[in-house]
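See below for the structure under consideration.
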Amino acid sequence: MISKELLKRTEFYLLIVIVIISTVLTIITDQFLTFSNWFDLLRNNSFLGILALGELVVLISGGIDVSFTATATVAQYAMGIIISRYVGNLFLAFLIPGVIGIGLGSINALIIFFTGVPAVVVTIATLNVFNGLLQFTTGGKWIYNLPASFKNFAQIKIVEIPQPDGWPVGLSILVLFWVGAIILTWLILNRSTIGRKLYAMGGNDEAARRAGFSIFRLMLFAYCYMGFLAGIASVVQAQQNQVIQPNAIVGRELDVLAATVIGGASVFGGKGSVLGTVLGVLLLAIVRNGLILLGVSSYWHKVATGLIILVAVVVMALQRKFRSEAAA
Amino acid sequence: MDEGVFLEATNVSKHYGGVTALEDVDMGINRGEVHCLVGENGSGKSTLVKIITGVVRPESGARIEIEEEIYSSLKPIQSYEKGIQVVHQDLSMFPNLTIAENIGIGQYIEHGRLFVNWSDIKNRARKAFEQLDVEFALQTRLGDLSLADQQLVAICRALASDAKLLIMDEPTASLTQEEVHRLFEIIRGLKENGVTTLFISHRLEEVLEIGDRITVLRNGRKVDTLNKDEATKDDISYLMTGEEIEHEYNLEGYEENETLFKVENLTDGEHYKKVSFEVARGEVKGIIGPLGSGQTNLALSLFGLNSPEEGKIILDGEEVHLDSISKAMNLGIGYVPEDRLTQGVVLEQPTDNNLILTSLEQFTSSSTGLLKEDRQTEFVEEAVEEFDIKIGDPEDPAISLSGGNQQKVVVAKWVSIEPKLLIMNRPTHGIDIAAKGNIYDLISELAAKGMGIILISDEVDEVIENSHNTMVMKEGQIVDKIKSEELSSEELYNELTSSEVDIK
């Protein structure tokens with residue numbers, strides 16, 4: 001039974017689109033619906049999936065952050081230096097980037113709150129500052145000599161499926177970080193008063209002020225949470241590649257923003273859900289995966305991503321229009 | 001009902017720089033009364049409310065006594081704990097959240113609360129519904145409700161926070177007559193339950209209808225507090241402005257047989273149908289009806305938006321097809337939109353730029369396409385003087401002007417293209433009495449020059465006093481046409497509020 005409420009939801013349509021595309025890919029390719037393909041797809045997109053959840057929280061609060069790739073890069077590099085030269089501790093490998101992420105996030109929040117300059121402008125600036133300083137100090141050098149504990153961790157599988165023709169395929173432990181971020185973000189947004197205040201502030205910031213909410217603390221929370229997740233995501237990315245390159249992450253901002261917006265978050269604030277964001281990431285991932293399986297030139301990947309974003313925002317704009325006409 | 005004083009403010013003053021916002025104001029609010037606060041824009045009403053709610057600190061010497069406790073100034077939390085709740089004019093609600101959450105949102109600022117108790121939020125909402133005897137679906141998004149319903153939800157939110165004193169800031173500004181009546185029923189119901197109301201309004205008829213006592217402010221000073229039975233509309237407007245407000249705006253006569261504009265059987269298939277009327281040169285045609293009766297859609301059709309499906313529009317004896325704004329403008333039709341904030345003025349832009357928006361071509365050099373600044377300056381100076389627009393520097397953004405002056409900018413902007421026909425959609429919506437008077441004067445001047453004017457309004461007196469002929473529009477149809485002088489407020493009011501739609 002499909003209720004009317006369901007028909008209003010972006011997530012419902014996203015799910016339908018994902019099912020249709022997956023069905024088509026299953027029919028025309030042999031590899032799409034296999035454990036090994038899906039396990040890879042989930043592992044390879046955990047990094048983007050975690051970042052998208054951070055962006056979701058910032059968008060809901062009525063802000064936007066495009067500096068998180070630089071935050072992640074800085075956090076990752078600092079972690080790489082410490083664990084490769086000083087202490088090869090796995091716990092530190094996650095703690096350091098998390099803390100650095102929170103620190104850089106708070107810089108964003110402070111500038112945005114105290115200057116009143118639009119968040120998009122501030123974070124474009126900090127993106128360049130963070131990234132530029134890092135490139136300057138590191139000279140763009142890669143870090144290869146990561147400790148064994150770091151390398152071994154990435155090999156852990158949480159599920160293994162035996163294959164008839166030899167090696168079993170397994171689901172990487174890295175996916176757990178995405179799952180953890182999903183649960184944490186969902187709890188914050190739906191069960192904590194901070195999360196609900198963020199929605200409220202994104203919907204009407206003046207009313208939020210009058211309701212007695214501290215706008216500053218809420219902003220600080222949103223940007224620091226984004227920074228924290230950027231830090232965690234950067235470790236996942238380093239685990240996946242087993243090398244730290246200072247130029248690997250910057251440039252992915254738009255993929256993350258796209259996934260979040262496709263998932264129904266509004267750049268005007270106050271709107272968006274964890275489920276939608278996860279589905280948005282999956283949709284982009286599946287399309288990209290399908291194009292690779294079909295042997296389509298990688299230039300077309302960008303075109304496809306662009307088209308999906310365009311379709312998604314047009315559909316949402318139409319929905320909003322019908323809605324306001326129905327209310328009038 | 002328990003009698004006695006709920007709040008007693010004495011010696012309240014506030015200055016901003018050299019500007020007096022409040023000077024030595026004394027005011028008492030009795031338990032369980034509906035106390036009205038009236039005054040023109042800038043008279044200090046909102047400053048007084050901000051002091052009572054703790055948003056603004058009064059200067060030293062002030063004494064505010066609330067239920068036997070004495071403060072020299074309040075903090076917002078103290079005001080909140082004393083049960084003082086405000087329903088703001090803009091409602092200050094969250095359109096993206098559900099009704100239940102909007103009502104129960106006070107839970108989130110309770111001390112040390114980390115997690116949401118959803119069932120408690122729903123209970124708060126249900127309790128408020130019971131108190132107010134209203135019913136809404138808890139999970140509906142607030143933004144999907146009409147403005148009037150959103151306001152009820154705002155009242156529910158105040159009640160959910162145990163309001164003892166409910167302050168309502170211009171609550172009727174965006175409501176239809178019918179909705180105003182429902183609101184008054186609610187306020188009376190609250191009064192029976194012992195809730196005190198401070199009601200702030202521009203509309204004196206409403207103040208006299210709902211208020212027990214009326215406090216008048218003028219230029220930051222309290223002029224008087226009147227009992228309802230000893231006050232008349234004229235008394236109050238005299239106290240507010242310090243001058244007698246003339247209620248008769250003598251429109252000059254017009255040539256009835258010089259038809260300027262004619263609409264025959266116009267139908268847009270959705271909002272209005274079979275609309276026919278004529279406007280003569282120099283005639284002011286009033287259109288009145290409950291909000292959402294199709295007036296705005298009709299106006300938009302006459303201005304080139306919202307193309308009609310059937311019917312004829314005839315201007316100066318020739319049939320015209322109005323399918324774009326630029327076409328309507330070129331034919332000599334101007335439109336003052338109902339919502340100046342979103343459609344009328346570019347708030348961030350300087351006032352002078354706003355004034356020339358419609359007539360840019362006149363100020364543009366034909367060879368370079370650039371703006372001729374000296375001509376602009378000259379025009380702006382003229383307009384400011386002719387329309388009595390109170391501005392500091394023409395370069396100040398329009399947002400710095402008061403509502404009334406913003407509206408004058410919108411009207412001036414349209415008059416500057418010298419239209420043959422000017423459509424004004426609720427031109428005095430949300431502006432103070434003096435500015436209203438200016439707009440009315442302007443209407444009669446423009447009509448005297450031969451301009452045809454369509455005045456859309458939902459205020460009975462406004463239409464009767466400022467139009468030659470009144471048309472009543474209901475559910476998309478013109479149900480009655482009357483000569484305005486032959487109408488009484490009461491008759492027209494009854495016709496508007498009766499639920500029948502029968503075409504006379």
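Here is a check on your reading of the model: is residue B:194 out of contact with any Leu (no Cβ under 8 Å at 6 or more places or on another chain) and surrounded by fewer than 19 Cβ atoms within 10 Å (Cβ to Cβ)? So residue B:194 passes the test. Comparison of A:215, A:158, A:244 shows that the only residue that is closer than 30 Å to residue B:54 by Cα and touching a helix residue (DSSP H, G or I) at 6+ places or on another chain (Cβ under 7 Å) is A:215. Of the strands (runs of 3 or more DSSP E) that lie entirely inside segment B:49-127, those containing 1 or more residues that are over 25 Å from the mean Cα position of the chain (by Cα) span B:63-66, B:69-71. Against the numbered list (1) surrounded by 19 or more Cβ atoms within 10 Å (Cβ to Cβ); (2) assigned to a helix (DSSP H, G or I), residue B:215 comes up short only at (2). Among residues that are within 14 Å of chain A (Cβ to nearest Cβ) and more than 29 Å from residue B:40 (Cβ to Cβ), residue B:292 is included.
Set side by side, the residues B:13, B:46, B:79 differ, and just one is over 22 Å from residue A:197 (Cα atoms), of a type in the set (Gly, Ala, Ser), within 14 Å of chain A (Cβ to nearest Cβ) and in contact with a strand residue (DSSP E or B) (Cβ under 9 Å, 6 or more places away or on another chain), which is B:46. Checking A:136, A:68, A:114, A:91 one by one, the residue that is in contact (Cβ under 8 Å) with a residue 40 or more places away in the chain and not aliphatic (A, V, I, L, M) is A:68 and no other.
Here segment B:97-106 is the region considered, the condition is being modelled with pLDDT of 90 or more and more than 16 Å from residue B:149 (Cβ to Cβ), and the residue that is farthest from the other protein chains (Cβ to nearest Cβ) is B:104. Tell me whether segment A:74-95 contains one or more residues that are under 22 Å from residue A:188 (Cα atoms), touching a Leu at 6+ places or on another chain (Cβ under 9 Å) and not hydrophobic (A, V, I, L, M, F, W, C). Checked against the condition, which is being under 22 Å from residue A:188 (Cα atoms), touching a Leu at 6+ places or on another chain (Cβ under 9 Å) and not hydrophobic (A, V, I, L, M, F, W, C), segment A:74-95 yields no hits at all. Scanning segment B:264-284 for residues that are touching a Ser or Thr at 6+ places or on another chain (Cβ under 6 Å) and not in a loop (DSSP other than H, G, I, E, B) yields B:264, B:265, B:278, B:280, B:284. When B:78, B:107 are checked against the criterion of being free of Cβ contacts under 8 Å to residues at least 40 places away in the same chain, more than 27 Å from residue B:31 (Cβ to Cβ) and among the polar types (S, T, N, Q), B:107 stands alone in meeting it. Considering the conditions (1) modelled with pLDDT of 90 or more; (2) more than 13 Å from chain A (Cβ to nearest Cβ); (3) in a helix (DSSP H, G or I); (4) buried (at least 21 other Cβ atoms within 10 Å of the Cβ), residue B:159 is excluded by exactly one of them, (1).
Screening the candidates A:272, A:180, A:203, A:264 for the property of being touching a Pro at 6+ places or on another chain (Cβ under 7 Å) and closer than 30 Å to residue A:6 by Cα yields one hit, A:203.
Taken as a whole, segment A:298-313 holds no residue that is within 14 Å of another protein chain (Cβ to nearest Cβ) and either under 23 Å from residue A:19 (Cα atoms) or in contact with a strand residue (DSSP E or B) (Cβ under 8 Å, 6 or more places away or on another chain) (or both).
Looking across A:228, A:216, one residue alone is away from chain B (no Cβ under 11 Å), under 25 Å from residue B:114 (Cβ atoms), in contact with a Phe, Trp or Tyr (Cβ under 9 Å, 6 or more places away or on another chain) and not aliphatic (A, V, I, L, M). It is A:216.
Here is a yes/no grid of residues against (1) surrounded by fewer than 16 Cβ atoms within 10 Å (Cβ to Cβ); (2) under 21 Å from residue B:47 (Cα atoms):
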{"site": "B:76", "(1), (2)": "yes, yes"}
{"site": "B:79", "(1), (2)": "no, yes"}
{"site": "B:99", "(1), (2)": "no, no"}
{"site": "B:123", "(1), (2)": "yes, no"}
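One line per residue, one yes/no per condition, for (1) surrounded by fewer than 18 Cβ atoms within 10 Å (Cβ to Cβ); (2) polar (S, T, N, Q); (3) within 14 Å of chain B (Cβ to nearest Cβ):
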position	(1), (2), (3)
A:249	no, no, no
A:257	no, no, no
A:268	yes, no, yes
A:293	yes, no, no
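The residue of segment B:321-346 that is modelled with the lowest pLDDT, among those that are of a type outside the set (S, T, N, Q) and surrounded by fewer than 17 Cβ atoms within 10 Å (Cβ to Cβ), is B:341. Kindly list the number of the only condition in (1) at pLDDT 80 or above; (2) part of a helix (DSSP H, G or I); (3) surrounded by fewer than 22 Cβ atoms within 10 Å (Cβ to Cβ) that fails for residue B:463. Against the list (1) at pLDDT 80 or above; (2) part of a helix (DSSP H, G or I); (3) surrounded by fewer than 22 Cβ atoms within 10 Å (Cβ to Cβ), residue B:463 comes up short only on (3).
Scanning segment B:59-73 turns up no residue that is at pLDDT below 95 and within 14 Å of chain A (Cβ to nearest Cβ). Restricting the search to segment B:297-318, which residues are small (Gly, Ala, Ser) and more than 17 Å from residue B:452 (Cβ to Cβ)? Selection gives B:307, B:311. From the list A:181, A:154, A:211, A:148, the lone residue that is among the hydrophobic types (A, V, I, L, M, F, W, C) and within 14 Å of chain B (Cβ to nearest Cβ) is A:211. Total residues in segment B:381-406 satisfying the condition of being charged (D, E, K, R) and in a loop (DSSP other than H, G, I, E, B): the figure is 5. Here segment A:239-256 is the region considered, the condition is being assigned to a helix (DSSP H, G or I) and closer than 15 Å to residue A:65 by Cβ, and the residue that is modelled with the highest pLDDT is A:256. Please count how many residues of segment A:155-173 are part of a strand (DSSP E or B), farther than 30 Å from residue B:115 by Cβ and not hydroxyl-bearing (Ser, Thr, Tyr). Final tally of qualifying residues: 12. No other residue among B:87, B:116 is aliphatic (A, V, I, L, M) and at the interface with chain A (Cβ under 8 Å from one of its Cβ atoms) apart from B:116. Of all residues in segment A:110-153, those satisfying the criterion of being assigned to a helix (DSSP H, G or I), modelled with pLDDT under 90 and not polar (S, T, N, Q) are A:148, A:150, A:151.
Scan (1) over 23 Å from residue B:107 (Cβ atoms); (2) within 24 Å of the chain's Cα centre (by Cα) for the single condition residue B:154 breaks and write down its number. It fails just one condition, (1).
Here's the yes/no breakdown for (1) modelled with pLDDT of 95 or more; (2) crowded, with 21+ Cβ neighbours inside 10 Å; (3) touching a strand residue (DSSP E or B) at 6+ places or on another chain (Cβ under 9 Å); (4) not in a helix (DSSP H, G or I):
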site	(1), (2), (3), (4)
A:11	no, no, no, no
A:23	yes, no, no, no
A:47	yes, yes, no, no
A:53	yes, yes, no, no
A:63	yes, yes, no, yes
A:92	no, no, no, no
A:97	yes, yes, no, no
A:103	yes, no, no, no
A:108	yes, yes, no, no
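The values are calculated or read from the model by the stated rules, or taken from the named source; none is laboratory data. The shown structure was predicted, so the numbers you read here are calculated from the model rather than taken from an experiment. Cβ sites come from the backbone with ideal geometry, for glycine too, and all protein chains shown count toward neighbours.
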